[in-house]
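Here is the structure we will look at, set down as structure tokens.
The values are calculated or read from the model by the stated rules, or taken from the named source; none is laboratory data. Note that the structure is a prediction, hence the values are computed from the model and not measured. Here Cβ is always computed from backbone atoms with ideal geometry, including for glycine, and neighbour counts include all displayed protein chains. Note: areas computed on protein heavy atoms with side chains; ligands, DNA, RNA excluded. Shrake-Rupley method; radii C 1.70, N 1.55, O 1.52, S 1.80 Å.
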Amino acid sequence: MIDNEFVYAFSKQILNLHGSIRWVGIANKFGVLVNVEQRQDLQPLLSEEENEDYASATVTRQKTRTKFEPKIGKLVYAAARYQKLNRATIPINDDYYLLVTLDAELKNFDDLILEKVIPLVMKEKSSFKDNK
């Protein structure tokens, strides 16, 4: 099992990187959410169960992309813009994924993800291993 205290602290760090980050989830390679944090006073758009379904579908989609990696390179992150929010999936390693939702009003989430979120993921990447 991964260190729960670390995952909690990491999730909080990601959430506190920018005021437009709504929700943070850490999913394992099976698409199971191991931790979720959300912005204080946030009115969630999805239920807990819907977020679990989202995590499972996202990890499954990510796994289908890996077959093209030898030709196009490793995925840095995948993003989607919806009317009510933006979503990003950031692979941490082969076993864990960072799922983030951002306010729809944030127009250039690419800068936030590349300049703040991914550097923190890279810094803490070695801590995302199962303690055996």
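I'd like to know which of V100, G73, L112 lies farthest towards the positive end of the charge dipole of segment 61-113, counting +1 on Cβ of Lys and Arg and -1 on Cβ of Asp and Glu.
Result: G73.
Per residue of segment 23-32, in order, report the coupling 6.51 cos²θ - 1.76 cosθ + 1.60 (Karplus, θ = phi - 60°) as ³J(HN,Hα) in whole Hz, putting x for Gly and Pro.
8, 10, x, 10, 10, 8, 5, 8, x, 8
Roughly how many Å is it from the Cα centre of segment 32-60 to that of segment 72-103, as a whole number?
13
Taking a ≥ b ≥ c as the square roots of the Cα gyration tensor eigenvalues, with a/c under 1.5 meaning rounded and otherwise prolate when a/b beats b/c, else oblate, which class fits the chain? The partial results should precede the final answer.
Numbers: a/c = 1.33, a/b = 1.14, b/c = 1.17.
Note, shape of the chain comes out rounded.
Given a 10 angstrom Cα cut-off, can you work out which residue in G31, G73, G19 is the most mobile in a GNM of the chain?
Most flexible of the set in this elastic network: G73.
Could you identify which residue out of V32, V121, V76 has the top mean-square fluctuation in a GNM of the chain using Cα springs shorter than 10 Å?
Checking each option, the largest mean-square fluctuation is seen for V76.
Round to a whole number: what % of the accessible area of the chain belongs to carbon and sulfur, probe 1.4 Å? Don't jump to the answer; show the numbers that get you there.
Working: 4060 of 7990 Å².
About 51 percent, which is the carbon plus sulfur part of the accessible surface.
Using a 1.4 Å probe, what is the accessible area per residue for the chain, in Å²? Could the numbers behind the result be given before it?
Working: 7990 Å² over 132 residues.
Ligands and nucleic acids excluded, the result is 61 Å² per residue.
Once you order the gyration tensor axes a ≥ b ≥ c over the Cα atoms, which shape class does segment 1-68 get: rounded for a/c under 1.5, otherwise prolate or oblate by comparing a/b with b/c? Working shown, then result.
On the way: a/c = 1.79, a/b = 1.40, b/c = 1.27.
Prolate.
Looking at the chain, which longest stretch skips every one of the chymotrypsin sites (Phe, Trp or Tyr not before Pro) that is in a DSSP loop with at most 15 other Cβ atoms within 10 Å, leaving the sites themselves out?
Values: sites that count: F30, Y82.
Value returned for the longest uninterrupted segment is 31-81.
Using the Cα centre of the chain as the reference point, and only Cβ charges (+1 on K/R, -1 on D/E), how large is the resulting charge dipole? Debye, rounded to the nearest 20.
Details: 19 positive and 19 negative charges, 126 e Å.
Computed about the Cα centre, the dipole is about 600 debye.
Between the DSSP loop rule and a limit of at most 15 other Cβ atoms within 10 Å, which trypsin sites (Lys or Arg not before Pro) in segment 11-67 are left?
On the way: sites: K12, R22, K29, R39, R61, K63, R65, K67; in loops: K29, R39.
Answer in residue order: K29.
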